[in-house]
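Notes for the one structure printed next.
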Amino acid sequence: MKPAVFTLVIVLLTAGASFPSLAQNNQQQKRSKSRDYSLKSTSYMMGRNSRMMNDMISGALRMDLTEEQKTKVTKLRDDYLYPVTKDENTLRTANMNVLKMLENPAFDPAKVKEEMGKASGIEKEISDSYVDGLVSLRDTVGKEKYEELRKSVNRYRDNLVQMRKDKNTRKQTQSVSKGESVKKIAPASPSPDNKN
């Protein structure tokens, strides 16, 4: 009887030691996934100014404008949209450089601050160009048409968001109807030395 109890104690101790390591692995995977998600969402948000400006310019060109107005609106792409897009790409690169620098435990704080300063300067240029571009667009089409344009672009963007939500819902419904298993993460077991 004693060898069986001894074997059972060893199995329980071994299993107890392996649960914290599984929990640590799960936590590391969650951290890397959340980091990937934050990088993706950050890079997605950084293009919002150029996307919004492009939607406004494209919407204005579909309006009833004079040829002179259409020419001025088209010129806004060269004057504002393309420079903003280029600056957003430069900003994305600068922010990625900062993240890479900070991953190194022996990072140089002066270099990180310098890179962050560059990123802040680029972000200000983007904001200024974005506002100047919208002011030029408003001055070209007039305040009434600009208001109409803004509302139609907002409706268009809301429709896009709704279409994405509907698409995701359909995908989830199809996955469930096909019988695909939904992955659930088991809660991490508490470590033996952690007493609440």
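The values are calculated or read from the model by the stated rules, or taken from the named source; none is laboratory data. Predicted model, so just to flag it, every value in this text is computed and none were measured. No Cβ is skipped: glycine too gets one built from the backbone with ideal geometry, and neighbour counts run over all protein chains shown.
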Just for the stretch 117-137: of the residues that are free of Cβ contacts under 8 Å to residues at least 40 places away in the same chain and not small (Gly, Ala, Ser), which one is surrounded by the most Cβ atoms within 10 Å (Cβ to Cβ)? Ile122
Is it the case, given these coordinates, that Ser152 is of a type in the set (Gly, Ala, Ser), modelled with pLDDT under 90 and within 30 Å of Met63 (Cβ to Cβ)? yes
Could you list, in sequence order, all residues of the stretch 162-177 that are at pLDDT 80 or above and hydrophobic (A, V, I, L, M, F, W, C)? Met163
Filter the stretch 111-145 down to residues that are over 13 Å from Met53 (Cβ atoms), more than 27 Å from the chain's Cα centre (by Cα) and part of a helix (DSSP H, G or I), then give me how many there are. 6
